[in-house]
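A.B. asks: Here's a structure for you.
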Amino acid sequence: MKKIILLTILGFLSLVFGSERNLNASTVIIKWAGTVAESSGVQNPDYLLNKPDNLVAVIGDYTDGPDHATMSNFGTPDSISYDSEALANFLGVSEELLAQADFLTFEQNPSSDPTYEPCSWTFTDGSNFGSQQLKSGYVTGEEYASFFGLSDSLSSHSYPFLLFDIDDQVAINSPNFKATITASGYSGITTPDPDASGIIIHPVPIPGSFFLLLSGILGLAVKYKSTGKKLFCRA
């Protein structure tokens, strides 16, 4: 009896004090942009949408500035699970850093230019704003094609990326969540060419402590049933 009670107490304490995000979760879900809510100075704005497909938009005709595109409806139709270790290795970052990230965006450049072209990003749920850039980097065209299952080798391209940590008060799963990219270069010099952008969701596995707690409760129920006592009763 004492062991059953101890299991229940340990399970409860584990749930209370062990509820932080599991940095070793085996998968992440990326909800790729599904709608262009608004844009100005963008060639092929629909190419901003969906999972990576090597169809790129061009932001910056510099006629009506500031040139920008606002994306929304993330995860429709493309909400895709990725192995977190494989994604971290692909991006060349640690799993701990990936676990902090809430947003990922790729653009296409010539292979000789591995940097994301000058731009600014803003994120909002309609009421709150805020983010910080965690990491910039790039992958080769071959790596990009292999990871996302594209048929072309893309050897003549590089794919710079940006990772962002969006402030906690911004509800990234809200239907009102929007991400806006604004070109920040000068006419004729920089035109960001995004291929795909998405929210990163980190599922939290049901912890073992839950099953520990459940087993304790079931053990108590069996024990009390065997003795003819009620587990819960009114005073």
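The values are calculated or read from the model by the stated rules, or taken from the named source; none is laboratory data. Quick caveat: nothing in here was measured; it's all calculated off a predicted structure. Cβ atoms come from the backbone with ideal geometry, glycine included; neighbour counts cover every protein chain shown.
A.B. asks: Are any of the residues in region 147-159 in the same structural domain as residue 196 (by TED's automatic domain parsing), more than 19 Å from residue 47 (Cα to Cα) and either part of a helix (DSSP H, G or I) or touching a Cys at 6+ places or on another chain (Cβ under 7 Å) (or both)?
C.D. replies: For region 147-159, residues in the same structural domain as residue 196 (by TED's automatic domain parsing), more than 19 Å from residue 47 (Cα to Cα) and either part of a helix (DSSP H, G or I) or touching a Cys at 6+ places or on another chain (Cβ under 7 Å) (or both): present.
A.B. asks: In region 96-110, is there at least one residue being more than 19 Å from residue 83 (Cβ to Cβ), assigned to a loop (DSSP other than H, G, I, E, B) and touching a His at 6+ places or on another chain (Cβ under 6 Å)?
C.D. replies: yes
A.B. asks: In region 42-53, what count of residues is obtained for those that are within 19 Å of residue 139 (Cα to Cα) and either modelled with pLDDT under 95 or more than 20 Å from the chain's Cα centre (by Cα) (or both)?
C.D. replies: Here the count works out to 0.
A.B. asks: Among the listed residues 63, 140, which satisfies the condition of being in contact (Cβ under 8 Å) with a residue 24 or more places away in the chain and of a type in the set (Val, Ile, Thr)?
C.D. replies: Only one candidate passes the filter, namely 140.
A.B. asks: Another question about this same structure. Quick one: what pairs do we get from region 188-204, first residue not assigned by TED's automatic domain parsing to the domain that holds residue 57, second at pLDDT below 95 and surrounded by 22 or more Cβ atoms within 10 Å (Cβ to Cβ), C-beta under 7 Å, 6+ apart or different chains?
C.D. replies: Short answer, once both residue conditions are applied: none.
A.B. asks: Output the number of residues of region 40-56 satisfying the condition of being surrounded by 19 or more Cβ atoms within 10 Å (Cβ to Cβ) and among the small types (Gly, Ala, Ser).
C.D. replies: 1
A.B. asks: So which pairs qualify, if the first residue must be in region 166-184 and under 19 Å from residue 98 (Cα atoms) and outside any strand (DSSP E or B), the second must be of a type in the set (A, V, I, L, M) and modelled with pLDDT of 95 or more, the Cβ gap must be under 6 Å, and the two must be at least 6 apart or on different chains?
C.D. replies: Pairs that qualify, where the first residue is under 19 Å from residue 98 (Cα atoms) and outside any strand (DSSP E or B) and the partner is of a type in the set (A, V, I, L, M) and modelled with pLDDT of 95 or more, are 172/166; 172/199.
A.B. asks: Now, a different point. Looking only at region 61-94, which residues are crowded, with 16+ Cβ neighbours inside 10 Å and not hydrophobic (A, V, I, L, M, F, W, C)?
C.D. replies: Result: 62, 67, 68, 70, 72, 73, 75, 78, 79, 82, 84.
A.B. asks: Before we move on, is residue 131 buried (at least 17 other Cβ atoms within 10 Å of the Cβ), without any contact (Cβ under 8 Å) to a residue 40 or more places away in the chain and under 23 Å from residue 74 (Cα atoms)?
C.D. replies: Criteria met by residue 131.
A.B. asks: Out of curiosity, is residue 134 under 26 Å from residue 35 (Cβ atoms), among the hydrophobic types (A, V, I, L, M, F, W, C) and not in a loop (DSSP other than H, G, I, E, B)?
C.D. replies: When the stated conditions are applied, residue 134 passes them.
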